[in-house]
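Scroll down for the structure; my scribbles are underneath it.
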Amino acid sequence: MQIPNYITDLLYRYDCVIVPDFGAFISKRIPATLDPNQHIITPPRKQLSFNEQITNNDGLLTNYIASKEEISYEEANKTLQLFVTDLKKEISERSSFNFPKIGSFKMNIEGNLIFEPNEEVNYLKEAFGLDEVAATEITREVIEQADVEEDIIESEVEAKKFNYSGIKYAASIALFVGVGGFLFWNQYKNAEANQYTEANRLVQEHIQEATYSFDISSPLPSITLNVDREEVALKEVNKPYHIIAGAFRELDNANKLIAKLTKKGFEANYIGANKYGLHQVVYQSFVSKVEAVQFLNKIKRTENKTAWILTKQND
């Protein structure tokens, strides 16, 4: 009999197919799932269940039988009733019945029907042709992050030492200048008038000598500077918003990171050293702050959770 096949056809199109005087097959859409133990991704599907309390004839299955068999609705309804009668009889005698591509029925001790759906058939049309796939764990490499943090800590310590020592030396110099200035001020004022006259005379003599010896007909030879591109390494960009990828004490490490990011397709660049003397590398620079924030969010999701925006206005 073709009725199980007709039920299968309707399950691809509808979420509920009622078999009058027997029950209803109900499908529920479930999303794709990941098995964390076996590392398998299962595509989205329709999960089948059976409710023997829904038995009223809604005409869906009967009309479909009539159209497929090319018979009247009344004849299709009689055919469906005979099928249900035979189905109940077989379940009562054998305590089981199998619907191809749908599932199987068993009767328990209490006389209730137990439905086990066929997991091999997916009735979700959008997932047609999709199979289970193995999930491969992705390991992202963090480039010398520990070294960058260590360099920053060392730079902060050195900066504090420099500030303390600078304050000490500045205080000593201020004291020396104050005392010395007071002692020598009077002597300076007395000698100032005499020194001004002599100095003015010497300046005039030197100007006159330079005028006579200067020959504009013999210009200086041209100078050619050979610039090593590897030492220059990178150019700065005229954009105020920079997505920082890393900062390094050694310029060579900055160049290595730029080469690696460029290979990945980023517009990586070097924007100079910060106040701690660390060479800064950017994923990309932007004129618009909105674009910079959007790009930063993407980088944090896919590349580097510690990336941040540096706002650097050009002079």
Q: May I ask you to list pairs of residues, at least six apart or on different chains, whose Cβ atoms are under 7 Å apart, with the first in segment 96-125 being under 21 Å from residue 12 (Cβ atoms) and the second being acidic (Asp, Glu) and part of a strand (DSSP E or B)?
A: 103/116; 104/116
Q: Being in contact (Cβ under 8 Å) with a residue 40 or more places away in the chain and surrounded by fewer than 19 Cβ atoms within 10 Å (Cβ to Cβ) narrows it down to one of 293, 287, 282, so name that one.
A: 287
**Q.** segment 45-65 residues that are crowded, with 19+ Cβ neighbours inside 10 Å, paired with ones that are among the polar types (S, T, N, Q) (beta carbon under 8 Å, 6 or more apart)
**A.** 45/122; 46/27; 46/122; 48/27; 48/118; 62/77; 65/79
Q: Would you be able to tell me the number of residues in segment 85-104 that are outside any loop (DSSP other than H, G, I, E, B) and open to solvent by less than 70 Å² (accessible area, probe 1.4 Å)?
A: 8
Q.
Among the listed residues 277, 272, identify the single one that is touching a residue at least 60 places away in the same chain (Cβ under 8 Å), exposed (fewer than 14 other Cβ atoms within 10 Å of the Cβ) and within 22 Å of residue 256 (Cα to Cα).
A. 277
Q: Considering only segment 1-84, give the strands (runs of 3 or more DSSP E) lying wholly within it that have at least 3 residues that are at pLDDT 90 or above.
A: 16-19, 23-30, 45-51
Q: Starting from residues that are among the aliphatic types (A, V, I, L, M) and farther than 14 Å from residue 117 by Cα, keep the ones in segment 11-38 and report whichever is most open to solvent (accessible area, probe 1.4 Å).
A: 34
Q | Members of segment 115-125 that are under 13 Å from residue 49 (Cβ atoms) and open to solvent by less than 70 Å² (accessible area, probe 1.4 Å) | A | 115, 117, 118, 123
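The values are calculated or read from the model by the stated rules, or taken from the named source; none is laboratory data. All figures in this text were calculated on a predicted structure; none of them were measured in a lab. Positions of Cβ are generated from backbone atoms using ideal geometry, with glycine treated the same way; all protein chains shown enter the neighbour counts. Just the protein is used for accessible areas: all its heavy atoms, side chains included, with ligands, DNA and RNA removed. Shrake-Rupley method; radii C 1.70, N 1.55, O 1.52, S 1.80 Å.
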